[in-house]
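All remarks here apply to the structure that follows.
FYI, it's all coordinate maths here, none of it is from the lab. The structure displayed is predicted, hence computed values, not measured ones. Please note: Cβ atoms are built from the backbone with ideal geometry, for glycine as well, and neighbour counts cover all protein chains shown.
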Amino acid sequence: MNKEITSIIRLGKINNLKINRKSDFGLFLCDARGSEVLLPNAYVTRRMQEGDLLEVFIYHDSEDRLTATTKKPIAMLDEFGFFEVVDVAPFGAFVAWGLPKDLLVPSKMQKEPFKVGEKKFLRVIYDEKSHRLVATEKFSKYLDHNPKGLKANQEVKAFVIKETDLGFKCIVDDRYEGLLYKNEVFEPLETGEVKKAYIKKRRPDGNLDLSLRKMGVKASKDSQQKILDLLKEHNGRLPFNSKSTSESITEFFGMSKKEFKRTLVLLQEKGLVKVNERGISRR
């Protein structure tokens, strides 16, 4: 945990706050300026003592009071997540986000009226009018379509939000839009998954082409090691060669046939494996 106390209490974020005093209702925590917020008794443990620093999330409770909790929501301010709709009202809908108070999605921030039980991909934002945290389905304006300073092979967090004919649409690092192409994905992917990915390039529209594997030398080394590890697991023999089907190679090795064949050549050149009509074996 970061031991430095938060300078000011930040709504919708994780804060490091000091236990300032006890009360009948819980512990009052303070920031570096002395401003206080209550951590209700439901989250207080015997180990918590005055002067300790706690890592807490700050939000408004059911009575609209600024409140601390040791729980973490599905998504924090300026982050994305999949939420289940638990209630609807004339002014909006409520989604569960892992805290006692459900999160409001105002009607004007819904593309179509929500229905109870639906799963929605939303962004948590700060509503300037109500000064509260809300969620929105209309998040395009919050994305950066002119990314700068990003490099090929840079590691990013890719949140899979939709499957398309081309591939899997992703939100990248909660800031950008990207795509994982189907013909380059060799593992099952589901909407809602968060994957470690790598930037391939930036497209003219400002969106990013992504890959689940690093490109170049590092990727080649990873592929070689994967085949060697699988050989070790299967007593030094595998019933695959360059004539094996693309489907069987992808299913077993998690790589394309082109990458598989290239990797076999490299391993043979290094004298690490033998390949014949029966398959691959260790030398």
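With a Förster radius of 30 Å applied to the C-beta separation of residue 55 and residue 128, the computed FRET efficiency comes to 0.65.
Highest mobility in the GNM of the chain, judged by mean-square fluctuation with C-alpha springs under 10 Å and restricted to 104, 180, 189, is found for 189.
Let a ≥ b ≥ c be the square roots of the eigenvalues of the Cα gyration tensor of region 24-157; is it rounded (a/c under 1.5), or, if not, prolate (a/b larger than b/c) or oblate? Oblate, since a/c reaches 1.5 and b/c is not below a/b. Electrostatic tally near residue 163: other residues with Cβ closer than 10 Å to its Cβ, Lys and Arg +1, Asp and Glu -1, net +1. Please give the Cα centre distance for region 154-230 versus region 72-145, rounded to the nearest Å. Result: 26 Å between the Cα centres.
Indicate the gyration tensor shape class of region 149-216 (rounded, prolate or oblate), computed on the Cα atoms with a ≥ b ≥ c the square roots of the eigenvalues: a/c under 1.5 is rounded; otherwise a/b larger than b/c is prolate and the rest oblate. Verdict is rounded for region 149-216.
Counted by Cβ distance under 14 Å from residue 50, the other residues give a net charge of +3, where Lys and Arg count +1 and Asp and Glu count -1. Sorting 250, 164, 45 from the fewest to the most surrounding beta carbons within 10 angstrom yields 45, 164, 250.
Considering only 78, 64, 165, the Gaussian network model of the chain with Cα springs below 10 Å gives its largest mean-square fluctuation to 165. In this structure, residue 215 and residue 146 have a Cβ-Cβ separation that, at R0 = 35 Å, corresponds to a calculated FRET efficiency of about 0.90.
Note on the chain: helix-only mean residue ellipticity at 222 nm, from DSSP H runs of 4+ residues weighted -39500 (n - 2.57) and normalised by residue number, equals -4000 deg cm²/dmol. If r is the Cβ-Cβ distance from residue 13 to residue 281 and R0 is 41 Å, what FRET efficiency results, to the nearest 0.05? Once the sixth-power term is evaluated, E becomes 0.15. Among 21, 123, 46, the largest mean-square fluctuation in a Gaussian network model of the chain (Cα springs under 10 Å) belongs to 46. Computed extension gain for residue 203 through residue 190, at 0.36 nm per residue and net of the alpha carbon distance, reaches 2.3 nm. Would you mind classifying region 14-69 by shape? Square roots of the alpha carbon gyration tensor eigenvalues, ordered a ≥ b ≥ c; an a/c under 1.5 is rounded, otherwise it is prolate if a/b is larger than b/c and oblate if not. Oblate is the answer for region 14-69, as a/c is 1.5 or above yet b/c matches or exceeds a/b. Here the ratio of the Cα radius of gyration of region 217-282 to 2.2 N^0.38 Å is 0.98.
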